[in-house]
Amino acid sequence: MASETVSSSMRRSARADRPAAPDASLSALAFIRAASEAPSAPGAYALLIALTHPLEARAGRRAATLAPGLYLYCGSAKGPGGLRARLGRHMRQGKRRRWHIDQLTEAGESLGAWITEAKGECDLVAALSALPVPLEGFGSSDCPHCRSHLLFWPRGDAPWRSGESALLCRDETQWPSWPGLSRPSTPGR
């Protein structure tokens with residue numbers, strides 16, 4: 001089982017087939033800091049996780065050393081309790097490891113999540129397709145469309161493709177806080 005170190009040589013696109021075009025329905029995204037702010041309805045999310053130390057992560061037979069920094073994990077919540085229940089589990093410490101993402105949420109800090117009831121996890125991955133993939137197959141072992149549902153967010157880069165960042169966190173108080181993380185500039189502001 002080979003291990004690779006996450007670096008600037010990371011794969012460029014998370015989508016294996018086609019990146020989606022910017023979509024006005026992404027305006028339905030909202031950033032929440034705590035799971036209690038999420039609805040109990042089904043939906044999708046992009047969980048923002050900060051790692052302060054390197055982490056040896058595994059996805060099946062693949063492994064990689066994830067560098068300290070920010071990561072986005074795209075998932076869906078279709079079961080009982082919807083987004084609130086799923087994000088509550090992800091944001092809780094001391095849980096039994098069940099999913100790939102538990103490796104990061106146990107080792108790092110969950111800073112919040114962008115949520116939507118109108119889109120799916122693969123739509124979020126497509127919207128984030130400019131970000132590098134740190135570990136193929138992570139969170140997407142049952143997904144026929146995406147190479148990974150985990151993405152690395154390099155400091156200073158806007159996570160969403162041009163034009164879409166304007167749809168997120170219009171309220172400055174909603175932007176996640178992390179040392180060195182600033183809100184992307186929005187054209188026309």
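The values are calculated or read from the model by the stated rules, or taken from the named source; none is laboratory data. The structure presented is a predicted model; accordingly, all values stated were derived computationally and were not measured. So basically every Cβ, Gly included, is an ideal-geometry build from the backbone, and we count neighbours across all protein chains shown. Areas reflect the complete protein model, heavy atoms only, side chains present, ligands, DNA and RNA absent. Shrake-Rupley method; radii C 1.70, N 1.55, O 1.52, S 1.80 Å.
Please work out which residue is surrounded by the fewest Cβ atoms within 10 Å (Cβ to Cβ), limiting yourself to segment 95-114 and to residues that are in a loop (DSSP other than H, G, I, E, B) and either in contact (Cβ under 8 Å) with a residue 12 or more places away in the chain or within 14 Å of the chain's Cα centre (by Cα) (or both). Restricting to residues being in a loop (DSSP other than H, G, I, E, B) and either in contact (Cβ under 8 Å) with a residue 12 or more places away in the chain or within 14 Å of the chain's Cα centre (by Cα) (or both), the top hit is TRP99. Look at (1) part of a strand (DSSP E or B); (2) at pLDDT 90 or above and you find that ARG58 fails only one, number (2).
Could you check segment 61-89 and list, in sequence order, the residues that are surrounded by fewer than 22 Cβ atoms within 10 Å (Cβ to Cβ) and in a helix (DSSP H, G or I)? Of everything in segment 61-89, those that are surrounded by fewer than 22 Cβ atoms within 10 Å (Cβ to Cβ) and in a helix (DSSP H, G or I) turn out to be GLY82, ARG84, ALA85, GLY88, ARG89. Restricted to segment 115-135, and to residues there that are part of a helix (DSSP H, G or I) and touching a Phe, Trp or Tyr at 6+ places or on another chain (Cβ under 9 Å), the residue that is most open to solvent (accessible area, probe 1.4 Å) is GLU121.
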